[in-house]
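Reading through the structure tokens given below for one structure.
Every number here is computed from the coordinates shown, using simple stated rules; none is lab data. Keep in mind that this is a model prediction, so the values were computed, not measured.
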Amino acid sequence: MSETTFTLIDESRPIETTAHVDGANVTLAPEAVRAALGWELKPEGLCRGQVCVPVRDDRIAESGIALDALANALGRPLALDAENHVAALGASADVRRAQFASLEAPDFELPDLAGAMHRLSDHSDKKVLLVAYASW
């Protein structure tokens with residue numbers, strides 16, 4: 001198991017940290033989890049502020065926190081590419097549900113056919129039609 005630089009994308013925010021990578025298994029030190037995501041391992045579980053999530057997975061310990069076990073404990077989807085030292089941690093179902101309930105699209109920026117960049121927020125209070133295309 002080797003320690004290496006690892007990119008963890010928290011929803012859309014990339015974070016550079018260190019991790020132990022052993023095949024498809026990625027383990028972060030508890031200090032790295034605290035620095036990257038704000039979750040701290042305490043006797044009552046993973047805690048951030050006043051919120052604590054009990055953990056029952058023995059792969060979440062002071063010796064290290066398995067990234068897939070962390071995602072499972074927090075109820076967040078994980079896309080992991082251990083070979084390329086990158087993972088994306090998505091928003092929890094509760095967060096996604098609240099976003100959908102608000103009926104407000106997240107802001108993003110995309111180019112038009114001429115290459116000019118446009119932000120969704122530049123068109124607030126207007127009706128916007130978005131056309132998406134994929135070749136697959």
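Each residue of the range 76-82 was assigned a 3J(HN,Hα) from its phi angle through the Karplus curve 6.51 cos²θ - 1.76 cosθ + 1.60 (θ = phi - 60°); the sequence is 10, x, 10, 10, 10, 10, 5 Hz, with glycine and proline shown as x.
Determine the calculated [θ] at 222 nm for the chain from helices alone, applying -39500 (n - 2.57) to every DSSP H run no shorter than 4 residues and normalising by the residue count; nearest 500 deg cm²/dmol. Could the numbers behind the result be given before it?
Details: 3 runs with 26 residues, N = 136.
My calculation for the chain gives -5500 deg cm²/dmol from helical runs alone.
Could you tell me which label, among (1) 36; (2) 18; (3) 13, carries the value of percent of Cα pairs over 27 Å apart calculated for this structure? Of the labelled values, this structure produces (1).
For the range 56-87 versus the range 1-51, the inter-centroid distance based on Cα atoms is 8 Å. Less than 5 angstrom separates the built amide H of Asp10 from those of Ile15, Leu89, all sequence-distant by 5 or more or on a different chain.
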